[in-house]
1. Residue farthest toward the positive end of the dipole of chain A, with Cβ of Lys/Arg at +1 and Asp/Glu at -1: which of A:Phe187, A:Gly146, A:Val89?
2. Using a 1.4 angstrom probe on protein heavy atoms only, which residues from the stretch A:45-92 are buried by at least 30 Å² of accessible area when all chains are present rather than their own chain alone?
3. Under a 1.4 Å probe, what is the accessible area of the protein assembly as shown per residue, stated in Å²?
4. In the Gaussian network model of chain A, springs joining C-alpha atoms below 10 Å, which of A:Ile157, A:Ile45, A:Ile73 carries the largest mean-square fluctuation?
5. Hey, what does the equivalent ellipsoid look like for chain B, semi-axes from the Cα gyration tensor as sqrt of 5 times each eigenvalue, largest first, whole Å?
6. Is there a quick way to get the dipole size of the protein assembly as shown? I mean about its Cα centre, with the Cβ of Lys and Arg at +1 and of Asp and Glu at -1; what is the value in debye to the nearest 20?
7. Give me the percent of the accessible area of chain B that comes from carbon and sulfur atoms, probe 1.4 Å, all protein chains in place.
8. Could you give the angle, 0 to 90 degrees to the nearest 10, between helix B:2-14's Cα long axis and the longest principal axis of the Cα atoms of chain B?
Amino acid sequence: MQYFLLIIAAMFVNNFVLCQFLGICPFLGVSKKTDTALGMGLAVIFVMGVASIFTWLIQKLLVLAGIEYLQTIAFILVIAALVQIIEMVLKRFMPSLYSALGVYLPLITTNCAVLGVAILNISTYGVVGATSLLQSFLNGVFSGAGFTIAILLLAGIRERMDLDLVPKPFRGFPITLITASIMSMAFVAFGGLLG
Amino acid sequence: MKGQFLSSKMDIVKNGIISSNPTFRLVLGMCPTLAVTTSAFNGLGMGLAATLVLICSNALVSLLRKVIPDKVRIPAYVLIIATFVTMLEMLLKKFVPTLYSALGIYLPLIVVNCIILARAEAFASMNKVGDSILDGLGMGLGFTLALTLIGFVRELLGAGTIFKGSLGSAEFGLTLGNLPSYSLGIFVLPAGGFLTLGIIMAIINYIGQKNKEKREKEEREKLHKILEAAHSNEFSDGENNTNEEEVRA
């Protein structure tokens, strides 16, 4: 039950994009088509899951050594290295998945959602507060799933919006932001789920 | 000569604030832009924090631009930025704890703010230290201005206050009569952030388009006049001159 709540919270109630403003850049930048949005989403789920495990372990090491203040530097290095390693492993062993994720994989290093989930997992900023390794991992994976849901929905809407007559000043980013705003209002309603 | 030098330096700063404003024009660094702008004070704080990191990292990247090998430049930049962010985090925690807690997770996330990495890559890695610092200052001020503006609108509509905040024990800000009881809470929620930014961007686009149309119209008129002048010159040379005058009459 506890894990079920954690999953629902990560995916809907604290949706990374629409409720916490993490990963907005790819959310706005890579949401023109549903298939590229799906590719980005899958890459994010993958990296966030793996990064959650590693940063959780790193944090334990940092606490042992008494240098928690190096957290930000350590995490960003771990994430950058992880993305690089994942890229190499995928290229060698799963070329089909590698080509499907394509250019999105290296872009993820600078996606604040990944660093965000790593920091949220171990800090007091988090609403959920994942304390065990399994919880961190689940939080990472399902926060990534929440990101994927949001970006897929937006991409679907934008594909249709291309055919509509949008007033000239609103074309491009403004109408996308307003769409995101309405989606965000809908996601606020999930807040009632957890009471 | 000196005036020219000064104006070229000013252009670097102005470029970041207006013509390629990181938020409204380049659409970079959206996460903090939307997340912390629930009040003008937080927006200003975030903007200044990012500006400081931007100036420092630009300066250091520029200083080291001949030392850093090309292949590992991105990790090197990220490391430089992360170092400055960590320093800033410690400073804020000690001296401005209210801002530290208001910015929360978005403070360490300055590391992955695309503006800073983008300026390191696109400007500081190819320019001199002085210019890089100015570029950092301009971009940072543009970012600060944008964040403060969004924060101001959201605070006014969402909470009914103007620039409310506290520094140490000093509190400042304005509460507008009984406006807070009529405030629209949605503007402080995430949905309001998206909405405000979308509408501000649309207004800026509209002004930009109007200016462009005006400029084009002026240019067209200028062209018209030149053509007309050329035309009448041509005719004044020939015998048709009288004909035209007759038509006009």
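The values are calculated or read from the model by the stated rules, or taken from the named source; none is laboratory data. Only a predicted model underlies this, so the values are computations on that prediction, with no experimental measurement involved. Virtual Cβ from ideal backbone geometry, glycine too; neighbours counted across all protein chains shown. Quick note on the areas: whole protein, heavy atoms, side chains included, nothing else; ligands and nucleic acids left out. Shrake-Rupley method; radii C 1.70, N 1.55, O 1.52, S 1.80 Å.
1. Towards the positive end, the residue furthest out is A:Val89.
2. Those are A:Tyr69, A:Thr72, A:Ile73, A:Ile76, A:Leu77, which lose 30 Å² or more relative to the chain on its own.
3. Accessible surface, normalised per residue, equals 50 Å².
4. Of the options given, A:Ile73 has the highest mean-square fluctuation.
5. Equivalent-ellipsoid dimensions as semi-axes: 47, 29, 14 Å.
6. 1220
7. Roughly 65 percent of what the probe reaches on chain B is carbon or sulfur.
8. 60
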